[in-house]
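Scroll down for the structure; my scribbles are underneath it.
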Amino acid sequence: MNTKIRGLDIHMEGIVHLYPSQEGDVVALRGVDLDVEAGEEFALLGPSGSGKSTILALLSGLHRPSAGRILMGEYDLGRLSPSQLLRLRATEVSLVLQDPARNLLPYATAAQNVEFAQRGARARGHRPPFGAQELLEQLGMGQLAHRTVATLSGGEQQRVAIAAGTAPAPRLLLVDEPTSQLDTKTRDQVVALLAQINQTLGATVVSVTHDPEVGAAMPRTVTIRDGRIGAEGRRGQEFAVVGKDGSVQLPPDVLERLPPGTLLRVRRHASGVDLLSPELESQETPPT
Amino acid sequence: MSQLRLLFRAVRWRLGGALALFVVGVVAVLAAAAGPLYLATANDSVLHSILISNPPVFDGITLTPRQGSGQVAAAEAGLQAARQYRLSRWYSPQKLVLDAGLTVVGPSGSRFGSDLISDPGACGQLHFLKGSCPTSAGGVVLTDRSAQGLGAKVGSRLTTTIPGPVHFVNGIPNRTNIEKVVVVAGIVAVGKPSAPFWFGDDYFGFGQSCPPNAPICLPQLDSMFTPQATISSVPGTLATDELFLKVSTIHLAGAAIFNQALGNFDTDANQNLQLDVSTQLNSLAAQANRENQLMEAIVLVVDLQLVLLALFVLFGLVARTAEARQKEVALAKLRGFRLPSVLSAGLLEPMAMLALAVPVGLLLAYLVVALARPDLLPGGQLSFQPLALVAALAAFAGGLVAVVFGAWRILTRKLVDDLRGVEPKSSSTARAALDAGGLALALAGILELIASGVLNGRQPNPIAAFAPGLVAVALAIVGMRLLPRLAQLVVRRTRSGGHLGLGLAVRQVVRRPASLRQVAVLAVASALACFAVAGWAAAGVNRQVRADFTLGAPKVLQVQLPPGLGLEAAVDKADPTGRYALAAMVSKIPSQNLIAVQASRLARVGYWPEGISSVPLSRLVHWLTPHLLPEMVVQGKSLQIVVTMTGNPSPPPDLQLALVDQDGNPGVADFGFLTEGTHTYTAPLPGPCAFGCHVSQLLPVWTQAQTTVPLQGPVPIGPSSARYQLTISSLQEDPGSQLRPVTSELANPAYWSSSGPGMSVSSVTVGGRPALRLSVLDQASDTTTPSVYPGGLPAILPGVVTAANSVQDPAAASVENFDGGLLTVNVRYQVAALPQLGGQGFLLDLNQAVRSETQPPSLTEDEVWLAKDAPASVVSRLRAQGIRILSTKTPEAAISAMNRGGIALAYLFFLFAAGAAAVLSLGAAVFSVFMSARRRAFELAVLRAIGLPERALRNSLLGEQLMVLVPGVVLGVGAGLLGVFMALPSVPEFSSTQGSPPVELVLVPLPILLMVGLLVVLLLVAAVASALATLRLASWSRLRTEIM
């Protein structure tokens, strides 16, 4: 697998998404702005129901945002027709669903699953640069190629599912909860696999996970909380992000100490600013 | 190739569902293809059955030269032409039969009438007692009884006189008879005239009196067989070609070639060879065609229903199994597959199963018909039918539509819903609309059947077979909609009760009404099965009734009587109780339509089904039974009569007694011309009267006197009428020893009935003793002689006729008697049909019919009817009297023939089809509920894990199965029974009901109960097996991994 793909960059701007329901619309995303570099490996972190999977669905074209704009490489997703979105999913963007069984044909071998996943691309004249066997071997799964999926362990199935997602040689690989229900060792294998795909293939890889340890292994993470971008992290280190409107989303542990509505004092210095809470300062000052 | 491998793996992975699809597909294709294949084979079989059930003379060809002379040459030319047109492909053997009527004089000097027959191969059919088959001209073969009659033995020389041709000498006709001496080469046992070889010719008519219009009436011998050379050159010999049809070679598939060859031969033989071509093949083919048309209609209606049902089952099955393929479809959509690829992911597997089902279904259809052929469709030729292929492909196309509709939901489901795991919900409005549409269509169909008169039962119509299916659909839809409501009622009751299993089951039924669709399928199939079984059983009863009635009694012997033995007397002797045997005589001449039975025994021995007459048989018997005075029988060598004549007519009358001997031969006792005053006259009796002759008429024959024609002037003739009185004071017979009075009724005027207005009868006293007075006025202009009949001979016979006879005046209908004379019948009652005669005929009392004969009966069949419990001694006593039993007929043969008829074969198909439908729908219903439960295996495993008793779980599954299956069967059986009452009267039972007992629409409970019992057993077994299988799936491991 010597071919290097040019990954897709992502630009999400003011994304709002509502799910209609009988009790009233449910707001899943409330003005998300997110940029991902082409060829970047990136993870969305956040608790269940925070809206991270919705972002994946939007990026894969399964949903159209209620408001906002998504640009991926040369594509403006909001302007693509359903057939163009289909083509996009067949050739450029690949989504690996949570639970490997939902990504694989249980009766087929790993190689057949990879071939099956390539069928959409091939039908559209997009010939993936590698064959099923080649891909599996490259990803360290050559020994699984001819084994029926149903006979594989959960970890192996997850890896094969990711391989199947990689099969059409997508420029953007979206992976939903790749490590859920996996033990530590397997989890590490899966994380390593994603990194390998990103590095060797050049595809932009966006994972969704609620596992902080997976996030710590990622070059870049973004935490989603209540449908908004929260903190951003780099290799386990968390950072607050200044939004386009000037707002700053603080890391979750900070927010626990500084709940919304807390008055802060800003202290400027050469390398940045400090946010100080007079209330906390007074609690910390020892009595004289 | 990789796609094929993937498909193969998918099929293996979901083997149960795939196999179910395959099986249903096979059934649909099999049903579609089996219809045309079965029809073609059954049509052939019906034709074959009709041909073999008729004697060879009917379906064979008889060629008769039209010219009086040169018959042998003409007949030989006919055979030559048959060879030329290669008729031997269908007709073999082809033989030239020669027949020369003759008088033969035996060594004892007795003269007999007989026929000299040349029939190639005849010796092979005869059982030689002595001698051998003659090979050279002049040799003959006699039957043992002919030899005995002639006093001949092997080597005897017999002088025969063959009437020569008539030629005119000086305008005067002259016949030169040919005398031929033949030598007895062999003596054989009497053959069976009914044997096919004789081609309908009765060469064994020993003792039969002379045929009608015979110039000389001599006692008849059986025919004598001789080589062709003996008579081929004898002028006046009748020649006939007999071509036997090889029934096994006649098939509808080759009908065109056969018809063309036969048509060409017919034209040639008729026009160029001056031969009359006679065959009844066309009418037999027409009969087969009538049967086949009815059968075709029924089979097609049934087949269509079965195919539709199979397709509906297929639809349900695809819809049910589609859920298993939902993931592939979602995956295909997720991977951005084009529409064909998405369709392929969802449909390829069921389509492949369906495609595979086409050849297998076709092959199975062929095999099923092939297996059924030897026993059920004898003689039918199973050949490739393009229509079967078309039907199979049509079923395949229908299957594809069913597959597409069945998978519609997974194909059109939004991917997002799939990914979010939202359960698809079919719209209750759509379901209600679908059900309303189905109900409306079913009701419209039923109304149309009623409005168009299809179900009125007056005219058989195969379309009526649609009725049970429509009723079932209507009832099933209503029942299906009501079932969840009823289940809801049970839900309330199980809230507080301890029936956990039942509670779970009813909740499941309320929760998933979609699985209730199986109720409809099962109901339709059960209804069809119920209707088919009821119809088949009723048809069986009707066939038995018809067979029994057609024959007249449980067993009928066709007999031949020795000379001098009366049939009635013989039966009376064989069965003095009158409980086991009955004498009957049936006319073989179609124009006569006469049957005479011993009326007093009819009720005990004969078969008389209800519906033939609205009055009981005992009443008819009472009407028919003769209440006559005893016959006037004279016996001996001579008669002596004392007559006083007054009036002295000129010329004097000649007093005669018309007599009939035991064999029905007429005779006369002539007392000569009477003279005025009281005188005693003597008349010799004919020889046969030594055994007794009955007096059929007492007639003074007076003819107007004429003298020789004078040269000039009017012809002097005597008076044109004669008026005189005859007083008969004594009539005595002389048996050889001493005179004895003939009858005590002689002087009873009530005993006599006059034949016309010229005779009146009264009683007077002569010398203190009663005497009979006849007052005669004989007009020379009258064509009949005034006469009187003795009381034993009613002028008018009471009789029963069939309604189809259209008798204008029931008091005095005319019918030709067995002897050819005209008989007046007082029609006492009109019935729907008569035994053996069918729709047209007269039923008389045998005793009266025989008494009324003044000539020997010709072309009649003497029969003895036996009751079911008749002991063997009756038959042996008949044999002991010299009666020869020619054949024995039982209803079984008739039933067997009817079972091979078109309608019976159609019913058979209905029965098999309904059985297949019932099993198919039962299997589909069980499979459907099993699939539904399988989907809930996780849920069940959870219930098990939280401590729900195993028994409660099992009961819940079993209860759920039964709550779907039982209503289906109950509704179906109810609809089937309703269909029986609505439609059975209109479904044809026979191709023709004319001249038959009315069709009985009996509901035979046993077969229906057996069918329902079988369904219930199958249902229980399937339900239990399915429940246990589902429980096995709901294992602990299920809690760890979801169903893939």
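The values are calculated or read from the model by the stated rules, or taken from the named source; none is laboratory data. Fair warning: this is a prediction, and the values are worked out from it, not measured in the lab. Neighbour counts are summed over all protein chains in view; Cβ atoms, including those assigned to glycine, are modelled from backbone coordinates with ideal geometry.
Out of region B:814-827, which residues are in contact (Cβ under 8 Å) with a residue 24 or more places away in the chain and closer than 21 Å to B:S696 by Cα? Walk me through how you get there before you give the answer.
Quick first cut of region B:814-827, residues in contact (Cβ under 8 Å) with a residue 24 or more places away in the chain only: B:815-821, B:823-827.
Of everything in region B:814-827, those that are in contact (Cβ under 8 Å) with a residue 24 or more places away in the chain and closer than 21 Å to B:S696 by Cα turn out to be B:V815, B:E816, B:N817, B:F818, B:D819, B:G820, B:G821, B:L823, B:T824, B:V825, B:N826.
Just to be sure, is B:A937 modelled with pLDDT under 80, crowded, with 18+ Cβ neighbours inside 10 Å and more than 27 Å from B:I463 (Cα to Cα)?
Yes: the conditions hold for B:A937.
Given the structure, is B:I895 in contact with a helix residue (DSSP H, G or I) (Cβ under 9 Å, 6 or more places away or on another chain) and either of a type in the set (G, A, S) or within 30 Å of B:V559 (Cβ to Cβ) (or both)? Before the answer, list the steps.
Numbers: in contact with a helix residue (DSSP H, G or I) (Cβ under 9 Å, 6 or more places away or on another chain): yes; either of a type in the set (G, A, S) or within 30 Å of B:V559 (Cβ to Cβ) (or both): yes.
Yes.
Among the listed residues A:Q158, A:Q112, identify the single one that is outside any strand (DSSP E or B), among the polar types (S, T, N, Q), at the interface with chain B (Cβ under 9 Å from one of its Cβ atoms) and in contact with a Leu (Cβ under 8 Å, 6 or more places away or on another chain).
Values: A:Q158 fails: at the interface with chain B (Cβ under 9 Å from one of its Cβ atoms).
Step by step, each of A:Q158, A:Q112 is checked, and only A:Q112 is outside any strand (DSSP E or B), among the polar types (S, T, N, Q), at the interface with chain B (Cβ under 9 Å from one of its Cβ atoms) and in contact with a Leu (Cβ under 8 Å, 6 or more places away or on another chain).
Suppose we keep only residues that are modelled with pLDDT of 80 or more and charged (D, E, K, R) within region B:561-609. Which one would you say is nearest to B:P856 (Cα to Cα)?
The selected residue is B:E568.
Which residues, counting only those in region B:684-707, are farther than 19 Å from B:W752 by Cβ, surrounded by 22 or more Cβ atoms within 10 Å (Cβ to Cβ) and not aliphatic (A, V, I, L, M)? So that I can check it myself, show each step before the final result.
Within region B:684-707, the subset farther than 19 Å from B:W752 by Cβ is B:684-692, B:703-707.
If we keep only those that are surrounded by 22 or more Cβ atoms within 10 Å (Cβ to Cβ) as well, we get B:685, B:689.
B:C689, the sole residue that qualifies.
(1) within 14 Å of B:V401 (Cα to Cα); (2) within 14 Å of another protein chain (Cβ to nearest Cβ): which one isn't true of B:A310, the others all being true?
Going through the list (1) within 14 Å of B:V401 (Cα to Cα); (2) within 14 Å of another protein chain (Cβ to nearest Cβ), B:A310 breaks only (2).
Out of the residues in region A:120-130 meeting the condition of being assigned to a helix (DSSP H, G or I) and more than 24 Å from the chain's Cα centre (by Cα), tell me which one is farthest from the other protein chains (Cβ to nearest Cβ).
My answer is A:R122.
If the requirement is being touching a residue at least 40 places away in the same chain (Cβ under 8 Å), part of a helix (DSSP H, G or I), in contact with a Leu (Cβ under 9 Å, 6 or more places away or on another chain) and under 24 Å from A:R220 (Cα atoms), which of these qualifies: A:L56, A:L71? Give the steps one after another, and end with the answer.
On the way: A:L71 fails: part of a helix (DSSP H, G or I).
Of the residues listed, the single one that is touching a residue at least 40 places away in the same chain (Cβ under 8 Å), part of a helix (DSSP H, G or I), in contact with a Leu (Cβ under 9 Å, 6 or more places away or on another chain) and under 24 Å from A:R220 (Cα atoms) is A:L56.
For A:V16, state whether it is farther than 19 Å from A:G165 by Cα, surrounded by fewer than 24 Cβ atoms within 10 Å (Cβ to Cβ) and touching a Phe, Trp or Tyr at 6+ places or on another chain (Cβ under 8 Å).
Numbers: farther than 19 Å from A:G165 by Cα: yes; surrounded by fewer than 24 Cβ atoms within 10 Å (Cβ to Cβ): yes; touching a Phe, Trp or Tyr at 6+ places or on another chain (Cβ under 8 Å): no.
For A:V16, the condition - farther than 19 Å from A:G165 by Cα, surrounded by fewer than 24 Cβ atoms within 10 Å (Cβ to Cβ) and touching a Phe, Trp or Tyr at 6+ places or on another chain (Cβ under 8 Å) - is not met.
For every residue, the table says whether it meets (1) crowded, with 20+ Cβ neighbours inside 10 Å; (2) more than 14 Å from chain A (Cβ to nearest Cβ); (3) touching a residue at least 24 places away in the same chain (Cβ under 8 Å); (4) not polar (S, T, N, Q).
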site: B:L314; (1), (2), (3), (4): yes, yes, yes, yes
site: B:A322; (1), (2), (3), (4): yes, yes, yes, yes
site: B:V329; (1), (2), (3), (4): yes, no, yes, yes
site: B:A332; (1), (2), (3), (4): yes, no, no, yes
site: B:G336; (1), (2), (3), (4): yes, no, no, yes
site: B:V360; (1), (2), (3), (4): no, yes, yes, yes
site: B:A388; (1), (2), (3), (4): yes, yes, yes, yes
site: B:A391; (1), (2), (3), (4): yes, yes, yes, yes
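Being farther than 25 Å from B:P686 by Cβ and exposed (fewer than 15 other Cβ atoms within 10 Å of the Cβ) is the filter here; which residues of region B:724-755 pass it?
B:A750
Among (1) modelled with pLDDT of 85 or more; (2) in a helix (DSSP H, G or I); (3) not basic (K, R), there is one condition B:P378 misses while meeting the rest; what is its number?
The single condition B:P378 does not satisfy is (2).
How many residues are away from every other protein chain (no Cβ under 14 Å) and charged (D, E, K, R) if we restrict to region A:53-73?
Total meeting the criteria: 1.
Cβ-Cβ below 6 Å, separation at least six or inter-chain, first residue in region B:203-227 and within 16 Å of B:R111 (Cβ to Cβ) and crowded, with 22+ Cβ neighbours inside 10 Å, second modelled with pLDDT of 70 or more and of a type in the set (S, T, Y): which pairs?
Between residues of region B:203-227 that are within 16 Å of B:R111 (Cβ to Cβ) and crowded, with 22+ Cβ neighbours inside 10 Å and residues that are modelled with pLDDT of 70 or more and of a type in the set (S, T, Y), the close pairs are B:L221/B:S114; B:L221/B:S146; B:D222/B:T143; B:D222/B:S146; B:M224/B:S114.
Mind listing whichever residues of region B:5-26 are in a helix (DSSP H, G or I), within 12 Å of chain A (Cβ to nearest Cβ) and touching a residue at least 24 places away in the same chain (Cβ under 8 Å)? Outline the logic, then answer.
Our first condition is that a residue be in a helix (DSSP H, G or I); within region B:5-26, this holds for B:5-13, B:15-26.
Those left that are additionally within 12 Å of chain A (Cβ to nearest Cβ): B:5-13, B:15, B:18.
Passing the criteria: B:L7, B:A10, B:V11, B:A18.
Using the structure shown, decide if B:A372 is in contact with a Phe, Trp or Tyr (Cβ under 8 Å, 6 or more places away or on another chain) and either over 30 Å from A:S53 (Cα atoms) or away from every other protein chain (no Cβ under 14 Å) (or both).
Values: in contact with a Phe, Trp or Tyr (Cβ under 8 Å, 6 or more places away or on another chain): yes; either over 30 Å from A:S53 (Cα atoms) or away from every other protein chain (no Cβ under 14 Å) (or both): yes.
Yes, satisfied.
Condition first: of a type in the set (A, V, I, L, M, F, W, C) and assigned to a helix (DSSP H, G or I). Now tell me which residues in region A:77-100 satisfy that.
Filtering region A:77-100 for residues of a type in the set (A, V, I, L, M, F, W, C) gives A:77, A:80, A:85-86, A:88, A:90, A:93, A:95-97.
If the condition is that a residue be of a type in the set (A, V, I, L, M, F, W, C) and assigned to a helix (DSSP H, G or I), then A:L77, A:L85, A:L86, A:L88, A:A90 are the ones that fit.
Picking from B:L844, B:L823, B:L793, which residue would you name as being part of a strand (DSSP E or B) and either touching a Gly at 6+ places or on another chain (Cβ under 7 Å) or at pLDDT below 75 (or both)? If you could, list the steps in order and put the result at the bottom.
Working: B:L823 fails: either touching a Gly at 6+ places or on another chain (Cβ under 7 Å) or at pLDDT below 75 (or both); B:L793 fails: part of a strand (DSSP E or B).
Testing whether each residue is part of a strand (DSSP E or B) and either touching a Gly at 6+ places or on another chain (Cβ under 7 Å) or at pLDDT below 75 (or both) leaves just B:L844.
Could you check how many residues of region B:233-256 are assigned to a strand (DSSP E or B) and out of contact with any Phe, Trp or Tyr (no Cβ under 7 Å at 6 or more places or on another chain)?
Going residue by residue through region B:233-256, those that are assigned to a strand (DSSP E or B) are B:238-245.
Restricting the remaining residues to those that are out of contact with any Phe, Trp or Tyr (no Cβ under 7 Å at 6 or more places or on another chain) gives B:238-241.
The qualifying residues number 4.
Do we have B:L415 as more than 30 Å from A:T166 (Cβ to Cβ) and surrounded by fewer than 22 Cβ atoms within 10 Å (Cβ to Cβ) here? Working first, answer last.
Numbers: more than 30 Å from A:T166 (Cβ to Cβ): no; surrounded by fewer than 22 Cβ atoms within 10 Å (Cβ to Cβ): yes.
The answer is no for B:L415.
Among all residue pairs at least 6 apart or on different chains, which show Cβ distances below 8 Å where the first residue, located in region B:96-112, is among the basic types (K, R) and the second is surrounded by fewer than 22 Cβ atoms within 10 Å (Cβ to Cβ)?
That search, which allows pairs on different chains as well, returns B:R111/B:T103; B:R111/B:V105; B:R111/B:L218.
So in region A:74-87, with the set limited to residues that are crowded, with 17+ Cβ neighbours inside 10 Å and more than 26 Å from A:R30 (Cβ to Cβ), which one is farthest from the other protein chains (Cβ to nearest Cβ)?
This residue is A:R87.
Which residues, counting only those in region A:247-268, are in a strand (DSSP E or B), at pLDDT 75 or above and surrounded by 10 or more Cβ atoms within 10 Å (Cβ to Cβ)?
A:V248, A:R265, A:R267
Within region A:98-107, how many residues are surrounded by fewer than 23 Cβ atoms within 10 Å (Cβ to Cβ) and within 7 Å of chain B (Cβ to nearest Cβ)? Working first, answer last.
Keep residues of region A:98-107 that are surrounded by fewer than 23 Cβ atoms within 10 Å (Cβ to Cβ), which gives A:98-99, A:101-102, A:106-107.
Subset that is within 7 Å of chain B (Cβ to nearest Cβ): A:101-102, A:106-107.
So the count comes out to 4.
Just to be sure before I move on: is B:P609 more than 19 Å from B:S876 (Cβ to Cβ) and either buried (at least 22 other Cβ atoms within 10 Å of the Cβ) or out of contact with any Gly (no Cβ under 8 Å at 6 or more places or on another chain) (or both) in the structure I sent? Reasoning before the result, please.
Working: more than 19 Å from B:S876 (Cβ to Cβ): yes; either buried (at least 22 other Cβ atoms within 10 Å of the Cβ) or out of contact with any Gly (no Cβ under 8 Å at 6 or more places or on another chain) (or both): yes.
Taking the combined requirement at face value, the residue satisfies it.
Report, ordered by the first and then the second residue, all pairs with beta carbons closer than 8 Å, sequence separation of six or more or different chains, a first member in region A:114-130 that is within 18 Å of A:I197 (Cβ to Cβ), and a second member that is of a type in the set (D, E, K, R) and in a helix (DSSP H, G or I).
So the pair list comes out as A:P128/A:R122.
Pick from region A:131-147 the residues that are outside any helix (DSSP H, G or I) and surrounded by fewer than 18 Cβ atoms within 10 Å (Cβ to Cβ): which of them is farthest from the other protein chains (Cβ to nearest Cβ)?
The extreme case among them is A:G140.
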